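Undergrad: My questions will all concern the structure given below.
The values are calculated or read from the model by the stated rules, or taken from the named source; none is laboratory data. The shown structure was predicted, so the numbers you read here are calculated from the model rather than taken from an experiment. Every residue, glycine among them, receives a Cβ derived from its backbone with ideal geometry; neighbour counts consider all protein chains shown. Calculation scope for accessible area: heavy atoms of the full protein, side chains included, ligands and nucleic acids excluded. Shrake-Rupley method; radii C 1.70, N 1.55, O 1.52, S 1.80 Å.
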Amino acid sequence: MKIDTAKNEISTTIGSFPYDFLVIAIGCRTNFFGNKIISSNSFSLKSTYDAISIRNHILLTFEKIISANKDEKESLSNLVIVGGGPTGVELAGAFAEIKKNVLPKDFRGIDFSEFRIILIEGSKDTLNNMSQKAKIHSRKYLKNMGVDILTETIVKNYDGYILTLSNGQTIRSNTVIWQRV
Ligand SMILES: Cc1cc2nc3c(=O)[nH]c(=O)nc-3n(C[C@H](O)[C@H](O)[C@H](O)COP(=O)(O)OP(=O)(O)OC[C@H]3O[C@@H](n4cnc5c(N)ncnc54)[C@H](O)[C@@H]3O)c2cc1C
């Protein structure tokens with residue numbers, strides 16, 4: 001895509017077009033704040049392809065849990081979502097519902113009380129840019145659904161095995177979904 005502002009013309013793969021006003025609305029990418037290690041080890045959720053990748057990964061994770069030793073089980077059982085904005089909150093809630101209603105029917109030998117859904121948010125609240133009511137209710141609902149929420153916590157690194165937090169705490173996890181724009 002090339003824009004000639006002197007001629008008011010945009011060139012695309014299917015030809016050039018004149019314009020009076022040009023609106024550019026090409027969306028945004030997931031923001032990893034330049035951390036290539038995190039971006040290469042975690043999932044993002046922007047497209048159907050991303051959603052299918054996460055779904056396949058989760059199903060494979062539960063197949064692995066069946067034959068995993070204690071150490072491996074801990075990492076496989078910790079699902080971390082980074083970013084407590086609208087999509088992070090929605091995703092945490094969806095996983096909590098799947099944990100309760102869907103997965104136990106498909107994987108009968110697994111103790112789902114050990115499966116943790118952890119939502120990490122850098123600011124003070126989930127849905128931090130929304131109303132006070134939304135902040136309070138989103139946290140309350142997710143807590144009631146069994147989601148562990150860490151606020152005022154920044155993820156510093158994730159190497160595919162260990163997630164390192166700003167407070168020095170570490171979490172072993174096989175699944176990190178990065179929901180920050
Ligand atoms: C998991 C998830 C759930 C969401 N749920 C909701 C919801 O329930 N409600 C809600 O309101 N919002 C929701 N959103 C947010 C919403 O999807 C975005 O705010 C919205 O899509 C942004 O619209 P956009 O047009 O700016 O960008 P996009 O929807 O990203 O559209 C940009 C388009 O530009 C095209 N493009 C990119 N580069 C070029 C180029 N060089 N030339 C030509 N075309 C190009 C892309 O292919 C794309 O089709 C959700 C987002 C996510 C990730």
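Undergrad: Would you point out which residue out of Ile24, Ile54 is farther than 25 Å from Val155 by Cβ and either within 16 Å of the ligand (Cβ to nearest atom) or open to solvent by less than 40 Å² (accessible area, probe 1.4 Å) (or both)?
TA: Exactly one of Ile24, Ile54 is farther than 25 Å from Val155 by Cβ and either within 16 Å of the ligand (Cβ to nearest atom) or open to solvent by less than 40 Å² (accessible area, probe 1.4 Å) (or both), namely Ile24.
Undergrad: Which one of these is within 16 Å of the ligand (Cβ to nearest atom), open to solvent by less than 100 Å² (accessible area, probe 1.4 Å) and not hydrophobic (A, V, I, L, M, F, W, C): Gly34, Gly15?
TA: Gly15
Undergrad: Next question, about the same structure. Checking Arg180 against (1) among the charged types (D, E, K, R); (2) in a helix (DSSP H, G or I); (3) in contact (Cβ under 8 Å) with a residue 60 or more places away in the chain: exactly one of these is not met. Which one?
TA: Checking Arg180 against (1) among the charged types (D, E, K, R); (2) in a helix (DSSP H, G or I); (3) in contact (Cβ under 8 Å) with a residue 60 or more places away in the chain, the one that fails is (2).
Undergrad: Which residues, taken from segment 91-115, are open to solvent by 80 Å² or more (accessible area, probe 1.4 Å) and within 13 Å of Thr61 (Cβ to Cβ)?
TA: If the condition is that a residue be open to solvent by 80 Å² or more (accessible area, probe 1.4 Å) and within 13 Å of Thr61 (Cβ to Cβ), then Asp106, Glu114 are the ones that fit.
Undergrad: Could you please find all residues in segment 142-170 being touching a residue at least 40 places away in the same chain (Cβ under 8 Å), open to solvent by 10 Å² or more (accessible area, probe 1.4 Å) and in a strand (DSSP E or B)?
TA: Answer for segment 142-170, where residues must be touching a residue at least 40 places away in the same chain (Cβ under 8 Å), open to solvent by 10 Å² or more (accessible area, probe 1.4 Å) and in a strand (DSSP E or B): Ile149, Val155, Asn157.
Undergrad: Here are some conditions: (1) open to solvent by 20 Å² or more (accessible area, probe 1.4 Å); (2) within 20 Å of Ile171 (Cβ to Cβ); (3) away from the ligand (no atom under 16 Å from the Cβ). Ile118 meets all but one. Which one does it not meet?
TA: (1)
Undergrad: Gly88 - would you say it is over 19 Å from Glu63 (Cα atoms) and either within 16 Å of the ligand (Cβ to nearest atom) or open to solvent by 70 Å² or more (accessible area, probe 1.4 Å) (or both)?
TA: Yes; evaluated as a whole, the condition is true for this residue.
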